[in-house]
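S.K.: Before I ask anything, here is the structure I am working with.
What follows draws every value from the coordinates through simple rules; no lab data is involved. Bear in mind that the values here come from a model prediction, so they are computed numbers and not experimental data. Quick reminder, even Gly has a Cβ in these numbers, built from the backbone with ideal geometry, and neighbours come from all protein chains shown.
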Amino acid sequence: MTTGPVHEALAGARLVDHHCHGVVTGDLDRPAFESLLTEGAPWPGISPFDTPVGIAVRRHCAPLLDLPRHAPADVYLARRAELGAPEATRRFLAATGTDVFCVDTGYTPVPLTSPGQLAETANATAYEVVRLESVAEAVASAGVEPDAYAETFRAAVEEAVRQPGVVAVKSVAAYRTGFDLDPVRPSDPEVTEAARHWLADGGRLADPVLVRHLLWTAVDLGLPLQLHTGFGDADIRLHRVDPTHLTDWLHLTAGTIPVLLLHCWPYQRQAAYLTAVFEQVYLDVGLTLHHVGPARARAILAEALEITPFRKLLYSSDAYGLAEFHHLGALSFRQGLAGLLQERVDADELSLPDALRIAAWAGGDNAHLVYRFSAAS
């Protein structure tokens, strides 16, 4: 691999992972590991190891388990089990070179490490991101009258974000309704009527009016808002999660809160457009990076940075469940961004001092600017 000053700088940089999840706390057999290796469901006769991310795990994670590169899946999993989950997790998290994790705690179908446990294992600092849909669903489960829903939800969210270490909120509207929503703040009667139907039917929050209300409540809170966009599991209707569907809402919310577009693939160019024309919009290509691996990370980042202002790109892994994803996300980001910037330096399209500044901004400085971690400590 070609190296240069930018590679050296990014290889040694301490990162801020502005959006991730916890790691499974127990040992994993092959079916359990493979279920976490894919955003879909494993198919009979087709192993998730035979995917770009599966190949990347065997290539780039095996050496951290004292195995040769490209170790076969069975050998890899046997060695992982021999070391045990705590030791494997420690190795992968240490290898990320991450100083700060911002952890979404709103999705835990299996037991995961808490932000504090993640930080302790990685010798880092962790902050929490509150998932708004989880708060709304907890309010509904506790019991609330439709005409009191809006006030009760707001009070519950305000209580959640007052907890020590909370730096942002997140919405998974992409999974529930998509973004082709009426951008206008819903009226009180509209919210009450929508709550009446949702509370009677139960289930996940997927009412368009209540999702709009949730997004506008986030604006009122004043904290950065993370929005899942693009690639996700089979609940996503991909054509409805193009972030440009948010354009009218972004016009209406201009001058309010930072909006962080997460993941973005295959809409990284559309997201880049939004960062270029809206002061409050930022992006990352987390989740994408570990799924494409270091081999394609540079290409994804190149498209994201075609027009994105350099102070608008952040790093995230969006690692969930497998500590391998934390490692792959960081490695893919470092190698991909370094290759892209070094190429521009070598072509005299970018000075080396500018390239080093951009690398430092994306690796952590931009996240510090948005989240103001010292105020949440």
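S.K.: So what is the calculated 222 nm ellipticity per residue for the chain, using -39500 (n - 2.57) for each DSSP H run with n of 4 or more, over all residues, to the nearest 500 deg cm²/dmol?
M.R.: For the chain, the value works out to -14000 deg cm²/dmol.
S.K.: Residue-wise, which Karplus ³J(HN,Hα) couplings in Hz belong to region 289-299, taking 6.51 cos²θ - 1.76 cosθ + 1.60, θ = phi - 60°, and x for glycine or proline?
M.R.: Rounded to whole hertz, the list is 5, 6, 6, 8, x, x, 4, 10, 4, 4, 5.
S.K.: Whole-Hz ³J(HN,Hα) for each residue in region 65-74, computed from phi via Karplus 6.51 cos²θ - 1.76 cosθ + 1.60 with θ = phi - 60°, x for glycine and proline: what do you get?
M.R.: Computed from phi, the couplings for region 65-74 are 9, 6, 10, x, 4, 6, 4, x, 4, 5 Hz.
S.K.: In Å³ and rounded to a whole number, note down the convex hull volume per residue for the Cα atoms of region 258-364. Write down the numbers at each step before the final one.
M.R.: Details: hull volume 9.7 nm³, N = 107.
In region 258-364, the Cα hull volume divided by residue count equals 90 Å³.
S.K.: Another one. Work out the FRET efficiency for L252 and A142 from their Cβ-Cβ distance, taking R0 = 30 Å, and round it to the nearest 0.05. Spell out each step's value before the answer.
M.R.: Working: r = 31 Å, r/R0 = 1.04.
The computed FRET efficiency comes out at 0.45.
S.K.: Hey, what did the chain get for relative contact order, percent, Cα under 8 Å, at least 6 apart?
M.R.: Relative contact order for the chain comes out at 22 percent.
S.K.: Assuming R0 = 45 Å, can you tell me the calculated FRET efficiency for the pair A200 and L352, based on Cβ-Cβ distance, to the nearest 0.05?
M.R.: The computed FRET efficiency comes out at 0.10.
S.K.: Follow-up. Work out, step by step, the length gained on full extension between E8 and A234: first 0.36 nm times the residue separation, then minus their alpha carbon distance; give nm to one decimal.
M.R.: Once the chain is fully extended between E8 and A234, it gains 77.5 nm.
S.K.: Using per-residue counts of other Cβ atoms within 10 Å, averaged over each peptide, order 265-271, 175-181, 28-34 from highest down.
M.R.: Per-residue mean Cβ counts within 10 Å order the peptides as 265-271, 175-181, 28-34.
S.K.: State the extension gain, in nm to one decimal, for the chain segment bounded by A302 and A41, taking 0.36 nm per residue of separation less the distance between their alpha-carbons.
M.R.: Computed gain between A302 and A41 is 90.9 nm.
S.K.: Would you tally the net charge around H213, using a Cβ to Cβ cut-off of less than 10 Å, leaving H213 out, and scoring K and R as +1, D and E as -1?
M.R.: Local net charge: 0.
S.K.: Of the peptides 197-206, 160-169, how do they stack up when ordered by the mean number of other Cβ atoms within 10 Å, highest first?
M.R.: The densest-packed peptide leads the list: 160-169, 197-206.
S.K.: Sticking with this structure for a sec: Relative contact order for region 29-83: what is it in percent, counting Cα pairs under 8 Å that are at least 6 residues apart?
M.R.: Contact order relative to length: 24 percent.
S.K.: Follow-up. If you add up the charges near Y273, with Lys and Arg at +1 and Asp and Glu at -1, over every other residue whose beta carbon is less than 15 angstrom from its beta carbon, what do you get?
M.R.: Residues near Y273 contribute -3 overall.
S.K.: Separate question: If I take all pairs of Cα atoms in region 29-83, what percentage of them are more than 17 Å from each other?
M.R.: Of all Cα-Cα distances in region 29-83, 31 percent exceed 17 Å.
S.K.: Continuing with this model, one more query. Can you report the principal axis dimensions of region 168-256 using only the alpha carbons, biggest first, rounded to whole angstrom?
M.R.: Principal-axis extents of the Cα atoms in region 168-256, largest first: 33, 31, 23 Å.
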